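Everything on this sheet refers to the single structure shown next.
The values are calculated or read from the model by the stated rules, or taken from the named source; none is laboratory data. Not measured: the values here are computed from a predicted model. Every residue, glycine among them, receives a Cβ derived from its backbone with ideal geometry; neighbour counts consider all protein chains shown. What goes into the accessible areas is simple: the full protein's heavy atoms, side chains included, and nothing from ligands, DNA or RNA. Shrake-Rupley method; radii C 1.70, N 1.55, O 1.52, S 1.80 Å.
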Amino acid sequence: MNETQAKERIKVLREKTEYYAQKYYDEDKPEISDFEYDMMMLELRTLEAKYPQFMDKNSLTQKVGGHVKEGFQKVTHEVPLQSLQDVFSLEEVEEFDQRMREKAKENGIDEVKYVVETKIDGLSAALEYEQGQFVRGATRGNGLVGEDVTENLKTVKTIPMQIKDKINITVRGEVFISKKDFEEMNKKREEKGEELFANARNAAAGSLRQLDSNITKTRPLDIYIFNVQKIEGKNFNSHFEELEYLEKQGFNVNPVKIPCSTIEEVKKAIEKIGEMREELTFGIDGAVVKVDNLKFREILGSTVKVPRWAVAYKYPPERKETILKDIVCQVGRTGVITPMAILEPVKVAGSTISKTTLHNEDFIKEKDLKIGDTVIIQKAGDVIPEIVEVVKSKRTGKEKNFAMPNKCPVCGADAVREEGEAAIRCTGIECPAKLFRNLVHFVSREAMNIDGLGENIIQELLDRNLIKNIADIYSLTFEDIASLKKNGKKFARKSNKQYQ
Ligand SMILES: [Zn+2]
């Protein structure tokens, strides 16, 4: 890569990270996995380090993502809620340890100890207590200014309104929803036909950042406290002491905190957390390695964005080898025929995977998949498992090529791939696709010319069982249509006169 290419790539990465950060932090609707986002940030960080002439203080590598949502009071954090430096390998953790030991030597500190903790996948918040009484709580926001969510935090049962000592203290914690509560919550939403949350983190963030605390009250929010931001009239030597104090005060402290004296112990702790990850009742997105000695932390200080005394280790997505036993085709409601991989069952990231989507014909061609192949599958957190690649060295010559069918496996009608589309669709009228196709035609310009009622809206109406036939379109209520995800409100306003 030359300088011009690097400049261009940096520009592209900045735009992308800005876009995805907004989806993640401000709209609580992530469009890509955390891992993909982390990889983008890593590439950007690497390029900026290599080409410092293109450094920009507005780059997301230099600041914390997230803004204050309209409607909330702003809270300026007296002590910033910093983010952490991510690392993706144990070598980088070793380098961190090296840096810490060198700095310790320079400053006459004999001992370097660490605490390794789970990095809870939720939303960071600061809780302020005056004379032991909870007075204010705020989201992290951009790290310097957050949103006042005091009333919402008061609905979180594990936040003590009164702590033991009558002191002034500000603590930091991570608001989250447990795996079990998240599943139940989404199940209920599904039953009610409400939009599902993408993951527990979004559910927690969306619930905490509600303008109406009555809504927050119905959400199973929990919190783990992991830091003293500020305290008056007390001094601690170590972070571990702080955590013990917080526990005695009645706080719900992060339950996984492993004190370590050597880099070997640190690496073991990281591995241990990785192994227990699936069994934990809450979701994590890594392990944090923190210097324990608080005086040493002060000496180390911070960069503009992150403290120098900690790193966040991000676990790679788990990969496993298995056999692609067969490829079968499923016909969706819209007639799209989707190839599915039937796999020799294998346990990846805590769940047993026996099948996964192959998306479409192009995906199969691009990966050069054959039935009988040994494949690598990958799963990261709550992301759908995917086939990463074929282990071609394990081919025996007995593998079979797969071709998409030219007949629909459900109704036997012709299946065609329309120009410009990756999907193959069934053309049959006696197929599950029938109703959808009929409806699309019915509302089209050629037929009833119902303005604004597009394919997306019809799909959603069908998915949510709001219509079962053509006549049902006329019994839809304004509320039905306004509740749609796809331009529902706009269409409802337009069609209000048409239907009532
Ligand atoms: Zn069909």
At R0 = 60 Å, FRET efficiency that the Cβ-Cβ distance of ASP110 and GLU421 yields, to 0.05: 0.35
Relative counts (whole %) of C-alpha pair distances in the stretch 318-394, using bins that are 10 Å wide: 20, 53, 25, 2
Length-normalised contact order of the stretch 1-58 in % [C-alpha pairs under 8 Å, at least 6 apart]: 41
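Efficiency by 1/(1 + (r/R0)^6): what FRET value for ASN406 and LYS7, r their Cβ-Cβ distance, R0 = 51 Å, to the nearest 0.05?
Once rounded, the FRET efficiency stands at 0.60.
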Per-residue HN-Hα couplings for the stretch 44-51 [Karplus 6.51, -1.76, 1.60; θ = phi - 60°; Hz; x = Gly/Pro]: 5, 4, 5, 5, 5, 6, 6, 10
Burial ranking of peptide ranges 242-249, 52-59 (average Cβ count within 10 Å, highest at the top): 242-249, 52-59
Span from the the stretch 298-375 Cα centroid across to the the stretch 385-417 one, whole angstrom: 18
Magnitude of the charge dipole, the stretch 125-214, Cβ model with Lys/Arg +1 and Asp/Glu -1, debye to 20: 260
Restricting the stretch 377-421 to trypsin sites (Lys or Arg not before Pro) in coil, as DSSP defines it, with at most 14 other Cβ within 10 Å: ARG395, LYS398
For the stretch 114-122, Karplus couplings with θ = phi - 60° (6.51, -1.76, 1.60), whole Hz, Gly/Pro x: 10, 10, 9, 10, 5, 9, 6, 8, x
Sequence-separation-based contact order of the chain, relative, with Cα cut under 8 Å and 6+ spacing, percent: 12
Dipole axis of the stretch 15-171 (+1 Lys, Arg; -1 Asp, Glu on Cβ), positive-most option in LEU42, ILE109, GLN62: ILE109
Computed FRET value (nearest 0.05) for ASP38 with PHE478, which takes r as the C-beta separation and R₀ as 35 Å: 0.20
Computed lengthening from GLU278 to SER302, 0.36 nm per intervening residue step minus Cα-Cα distance: 5.4 nm
Whole-percent pair-distance distribution, where bins are 10 Å wide, for the alpha carbons of the chain: 3, 15, 22, 24, 18, 11, 5, 1, 0
For the stretch 161-229, the Rg and Dmax computed from alpha carbons only, in angstrom: 14.7, 47
Amide H partners (placed H, <5 Å) of LYS230, local residues excluded: THR170
Derived scalar couplings ³J(HN,Hα) [the stretch 352-362; Karplus, 6.51 cos²θ - 1.76 cosθ + 1.60; whole Hz; x for Gly, Pro]: 7, 9, 10, 8, 7, 6, 10, 6, 6, 4, 5
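Run the dipole for the chain about the Cα centre, Lys and Arg Cβ at +1, Asp and Glu Cβ at -1, nothing else charged, and hand back the magnitude in debye, nearest 20. Kindly include the intermediate steps, with their values, before the conclusion.
Details: 80 positive and 84 negative charges, 134 e Å.
Charge dipole, the chain, about its Cα centre: 640 debye, nearest 20.
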Packing-based ranking, highest mean first, of 88-99, 121-132 given that Cβ atoms within 10 Å are counted: 121-132, 88-99
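With the Cα gyration tensor of the stretch 245-380 giving a ≥ b ≥ c as the square roots of its eigenvalues, does the rule (a/c under 1.5 for rounded; else a/b larger than b/c for prolate; else oblate) give rounded, prolate or oblate? Intermediate values should be presented prior to the final figure.
Values: a/c = 2.80, a/b = 2.68, b/c = 1.05.
Taking the square roots of the gyration eigenvalues as a ≥ b ≥ c, the stretch 245-380 is prolate.
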Distance between modelled label sites at VAL440 and GLU194, nm, 7 Å Cα→Cβ extension: 3.2
Set of lysines near LYS267 by C-alpha distance (under 17 Å), chain-local residues within fewer than 8 positions excluded: LYS113, LYS119, LYS257, LYS290, LYS314
Helix-only CD estimate at 222 nm, as mean residue ellipticity for the chain, using -39500 (n - 2.57) per DSSP H run (n ≥ 4): -9500 deg cm²/dmol
In nm, spacing of pseudo-spin labels at SER261 and ALA471 (7 Å Cα→C-beta vector): 8.1
Cys with no candidate disulfide partner in the chain (beta-carbon separation under 4.7 Å rule): CYS260, CYS329
Unit charges at the beta carbon, dipole of the chain: most positive-side option, GLN131, THR356, GLY335: GLY335
Nonlocal amide H pairs with ILE284, under 5 Å, H built at 1.01 Å: ASP121
Accessible area in square angstrom per residue, the chain, 1.4 angstrom probe: 53
Alpha-carbon centroids, the stretch 81-159 and the stretch 5-55: separation in whole Å: 23
Distance histogram in 10 Å bins (all Cα pairs of the stretch 350-419, percent per bin): 16, 41, 31, 12, 0
Distance between modelled label sites at ILE376 and VAL388, nm, 7 Å Cα→Cβ extension: 0.4
